[in-house]
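Only one structure is covered here, and it is reproduced in the block below.
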Amino acid sequence: MPSDKIYILRIALLILLTAAAGPLYAASFSVGAQAGFMPSLGGNLHSSTHETIGVHNGIDGINRSLDGYDTSTIDRLLGAGGGIVLRATFYDYFFVRLGGNFIKNARGGKGTTLYDNAGTPELLEVDYSVFVIDTPLTAGLAVPFWKDVRIAFSVGAAFAYGNYKNSLKPESGGDVKGKFRGYGFPLVILVEGDYFLNEKISLTASLAYYKGSTDIRKDRYRTDGDIDFARIDFTGYRFSMGASRHFYSR
């Protein structure tokens, strides 16, 4: 049975096709670019290998320290990236938005912690990385304020592809690695504002919330003697700023 996310995506497509069937003189279009960041890219990055070292919530619980051991904090991933945006506004208030984004970890995800190696604490070097490519399609309402500001609220879904890697390297030797690839259709809720410098150019700012993940994916590394399983999580907030060029058909 189709999920709620698929229904939302279908509704957004229906609104787009219905609006596009109307007279072009009632439409305006824009193309733009945005750059921004995403806290907690990939979520808590949990995988089944974490269970073998006594960690049950991924990166959130992997930090451990003990006197006499040189450890460092492993933070959640901060993602950075950018993308392009195509938007159409029909009859001044009906809004459709199609984007294309790339986001990759820029900070966090690396450090040294401890794990219990048969009753003896041992240093463990940890490294995580994630990148995501997605194309969100949303539809909603655009409301003008005064003559220079427009705020749009839209809901839809995205096709998202993710690539997640982790590495757990004990001090005693070896390197347990995981590599996961997959796609999903996360729900997208988006608020976006335009400040018009003139009739054709606007500065933009947006806040998006994604909710969803892939199904459970199997580790693609086959040479480290470990078989790992994990989801690639797309859930989280995204903050972006950019600029758009507007074209009017009326």
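Since every read-out is calculated from the coordinates, none of them should be taken as a lab result. It should be emphasised that the depicted structure is a prediction, and the values quoted were computed from it without experimental measurement. Quick reminder, even Gly has a Cβ in these numbers, built from the backbone with ideal geometry, and neighbours come from all protein chains shown.
The figures follow:
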| quantity | calculated |
| --- | --- |
| Three semi-axes of the equivalent ellipsoid, the stretch 77-119, Cα gyration tensor, whole Å, largest first | 45, 11, 7 |
| Acute angle (nearest 10 degrees) that the helix 4-20 long axis makes with the longest principal axis of the chain, alpha-carbon atoms | 30 degrees |
| Histogram of C-alpha separations across the stretch 90-190, 5 Å bin width, % | 3, 11, 14, 13, 11, 10, 9, 8, 7, 5, 4, 3, 2, 0 |
| Size of electric dipole in the stretch 128-250: Cβ of Lys, Arg +1 and of Asp, Glu -1, about Cα centre, debye, nearest 20 | 300 debye |
| Spatially proximal aspartates and glutamates relative to residue 147 (Cα-Cα < 14 Å; intrachain offsets below 8 disregarded) | 92, 194, 199 |
| Convex hull volume of the stretch 112-250 per residue (C-alpha atoms, cubic angstrom) | 149 Å³ |
| Rg and Dmax of the stretch 24-115, Cα atoms only, in Å | 21.1, 73 |
| Hydrodynamic radius (Kirkwood) for the chain, which is based on Cα pairs only, to one decimal in Å | 20.0 Å |
| Karplus-derived 3J(HN,Hα), 6.51/-1.76/1.60, for each residue of the stretch 29-46, Hz, glycine and proline x | 10, 8, 10, x, 9, 9, 9, x, 9, 9, x, 6, 4, x, x, 8, 6, 6 |
| For the stretch 213-224, 3J(HN,Hα) per residue [Karplus equation, 6.51 cos²θ - 1.76 cosθ + 1.60, θ = phi - 60°, Hz, x = Gly/Pro] | 7, 6, 6, 5, 10, 8, 3, 8, 6, 10, 10, 9 |
| Å³ per residue enclosed by the Cα convex hull of the stretch 132-193 | 107 Å³ |
| Relative contact order, percent, the chain [alpha-carbon distance under 8 Å, six or more residues apart] | 22 percent |
| Compactness index (Cα Rg / 2.2 N^0.38 Å), the stretch 44-88 | 1.82 |
| Point-to-point label distance, residue 60-residue 153, nm (Cα→Cβ direction, 7 Å offset) | 2.9 nm |
| For the stretch 95-106, Karplus couplings with θ = phi - 60° (6.51, -1.76, 1.60), whole Hz, Gly/Pro x | 10, 10, 9, 10, x, x, 10, 10, 9, 9, 4, 10 |
| Relative contact order %, the stretch 174-220, counting alpha carbon pairs below 8 Å whose residues are six or more apart | 48 percent |
| Label-point gap, in nm, between residue 220 and residue 48 - each point 7 angstrom along Cα→Cβ | 1.8 nm |
| Computed label-point distance, nm, for sites residue 227 and residue 37 using a 7 Å Cα→Cβ extension | 4.0 nm |
| The stretch 212-227 and the stretch 113-171: distance between their alpha carbon centers, rounded to Å | 18 Å |
